[in-house]
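**Student:** Below: one structure in structure tokens.
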Amino acid sequence: MTEDISPFAATASAMGYLYQLRIALLRCTDLLEGGASWTVALEAGDDIECVQDGKTGLWQLKHRAEGTRITDGTSDLWKSLRVWAVAATAGAIDLDTADLFLLTTAEAAPSSAAVHLSSAPDDRRDPAEAHRLLKEARKAARARQQKKIEANPDTTAKPSELYQAWDTLGEPEQLRLLERVQILHSAEDIHATGTRLQGRAAIAVGRQYATSFLERLEGWFFQRAIAQMGTSAGPVTGIEFDEAFSSRRDQFRPDSLPIDDDVIKLPDESRIHSDKTFVRQLGLAGIGSARVRIAVRDWLRASTQRDRWSNENLLRPGEIDIYERRLTEEWEVRFEAMRDDLGEQAAEEAMAVAAKALYRWVEQEARYSIRPGCEEPFVTTGSFHMLAEGLDVGWHPQYAARLMTLLEPAGSRS
């Protein structure tokens, strides 16, 4: 690995990793079109390893700046050949069943080995000619090394590791390897790959929701890839990917809304929000600390998810207002029935018991979906707490009067 740690090198390295993830995700969508009997792994046998129907596809990826060319002496080409030659020598790959891909954004120089190893219609695939050109390039590299030795006779010059594995293979094995190689040059860069994924997303959920859907699919895939590269999980399977793709696609149906994994995993912040009005409402009703913590969790989830829906334009005009009106009206029927049952002269203990019963309805029974396919309970319970924050609903029979007094600025009570 290079010792260059400048910001420019770091940026290029990060771009390369992101490119690898996006290409892997694109490969998954490609493979899914043919069924679900496949696996995709990153940094396993190669940058990307795809296994389908008993055949293995090993992918080397090179994301290079615009204008970069791949010639017979380019290190990108020889590094890929070294990886494959080492694997072939060790028996890690079977050249009868493995397809070897070098996908690079660089342009192949005319009449180069890369052109003769390409399967593009305009190129002239000829592995034997590519082998001849590579032998010439290797000969030129030896000549350059010999000149260095002659110029510095006291220096011990070691053979370049770039060529050692290739040199170890006999010529028949070199040609056999090249027959399995396909160089996909002038490939789309990371931005164009993103555009292609956007197009796949638009087919799945429509152009209006394509960006939101793709963000969620990429988020899942990137986390899944990290787990796989960290050896805590196996390769992504076709069945697994199909399920992840389909479940996220279904969240964008007209009768549903997406529930995001990171929202469900929000940390406990009950202490931070202890001064919220809805928390004080729970205190008036005599709700215990454990249930208050759950209430804060649901409020945080619902407010975060609803903000995200709004920011991504996933909600219909007036949809939240209609939903909150429904919640308020459902609460109002029960709240007024509670007040009637208590009467005007109810004792404090009776009011506390009634408040707890009303809040228990919110916790355990109130399940009003904002859309039929979006049934996550925290959307309902958290939305009730959002309404309680504005004193639009409450649990204690006298919540409004008591909290208005409690929240009134000290200077205005004269």
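The values are calculated or read from the model by the stated rules, or taken from the named source; none is laboratory data. Being a predicted model, the structure only gives us computed values, none of them experimental. Using ideal geometry, Cβ is built from the backbone for each residue, glycine included, and neighbour counts are taken over all protein chains shown.
**Student:** If we keep just the residues of the range 302-344 that are among the basic types (Lys, Arg) and out of contact with any Pro (no Cβ under 6 Å at 6 or more places or on another chain), which is nearest to GLY206 (Cα to Cα)?
**Tutor:** Among residues in the range 302-344 that are among the basic types (Lys, Arg) and out of contact with any Pro (no Cβ under 6 Å at 6 or more places or on another chain), the one nearest to GLY206 (Cα to Cα) is ARG316.
**Student:** As an exercise: evaluate LEU61 against (1) of a type in the set (A, V, I, L, M); (2) under 19 Å from PRO127 (Cα atoms); (3) at pLDDT 95 or above and give the number of the one condition it does not meet.
**Tutor:** All conditions are met except number (2).
**Student:** Continuing with this model, one more query. So, ALA90, is that one aliphatic (A, V, I, L, M) and either in contact (Cβ under 8 Å) with a residue 12 or more places away in the chain or surrounded by 14 or more Cβ atoms within 10 Å (Cβ to Cβ) (or both) or not?
**Tutor:** No, not satisfied.
**Student:** Follow-up. Only one residue in SER247, SER232 is among the small types (Gly, Ala, Ser) and either buried (at least 17 other Cβ atoms within 10 Å of the Cβ) or more than 21 Å from ALA302 (Cβ to Cβ) (or both), so which one is that?
**Tutor:** That would be SER232, the only listed residue that is among the small types (Gly, Ala, Ser) and either buried (at least 17 other Cβ atoms within 10 Å of the Cβ) or more than 21 Å from ALA302 (Cβ to Cβ) (or both).
**Student:** Does ARG339 satisfy the criteria of being surrounded by fewer than 16 Cβ atoms within 10 Å (Cβ to Cβ), in contact with a Leu (Cβ under 7 Å, 6 or more places away or on another chain), farther than 30 Å from ILE264 by Cα and basic (Lys, Arg)?
**Tutor:** no
**Student:** Right, here's the next one. Restricting attention to the range 266-294, which residues are assigned to a helix (DSSP H, G or I) and within 31 Å of the chain's Cα centre (by Cα)?
**Tutor:** ARG293, ILE294
**Student:** Test of understanding: among ARG248, ARG308, ARG301, ARG334, which residue is under 30 Å from LEU32 (Cβ atoms) and in contact with a Leu (Cβ under 7 Å, 6 or more places away or on another chain)?
**Tutor:** Residue meeting the stated conditions: ARG248.
**Student:** Only residues that are assigned to a strand (DSSP E or B) and either surrounded by 17 or more Cβ atoms within 10 Å (Cβ to Cβ) or free of Cβ contacts under 8 Å to residues at least 12 places away in the same chain (or both): list them for the range 49-82, please.
**Tutor:** Once the filter is applied, which keeps residues that are assigned to a strand (DSSP E or B) and either surrounded by 17 or more Cβ atoms within 10 Å (Cβ to Cβ) or free of Cβ contacts under 8 Å to residues at least 12 places away in the same chain (or both), the range 49-82 yields GLU49, CYS50, VAL51, THR56, GLY57, LEU58, TRP59, GLN60, LEU61, LYS62, ILE70.
**Student:** Select the helices (runs of 4 or more DSSP H) contained entirely in the range 331-414, then report the ones holding at least 2 residues which are hydroxyl-bearing (Ser, Thr, Tyr).
**Tutor:** 377-389, 399-407
**Student:** Name the residue, out of ARG325, ARG301, that is more than 16 Å from LEU391 (Cα to Cα) and either assigned to a loop (DSSP other than H, G, I, E, B) or modelled with pLDDT of 95 or more (or both).
**Tutor:** ARG301
**Student:** SER13 passes all but one of (1) assigned to a helix (DSSP H, G or I); (2) in contact (Cβ under 8 Å) with a residue 60 or more places away in the chain; which number fails?
**Tutor:** The one condition SER13 does not meet is (2).
The rows are residues; the columns are (1) surrounded by 17 or more Cβ atoms within 10 Å (Cβ to Cβ); (2) touching a Phe, Trp or Tyr at 6+ places or on another chain (Cβ under 7 Å); (3) among the polar types (S, T, N, Q).
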position: ALA106; (1), (2), (3): yes, no, no
position: SER112; (1), (2), (3): yes, no, yes
position: ALA128; (1), (2), (3): no, no, no
position: ARG132; (1), (2), (3): no, no, no
position: GLU188; (1), (2), (3): yes, no, no
position: ALA201; (1), (2), (3): yes, yes, no
position: TYR209; (1), (2), (3): yes, yes, no
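**Student:** Hey, does the range 44-55 have a residue that's in contact with an Asp or Glu (Cβ under 8 Å, 6 or more places away or on another chain) and modelled with pLDDT under 95?
**Tutor:** The answer is yes; a qualifying residue exists.
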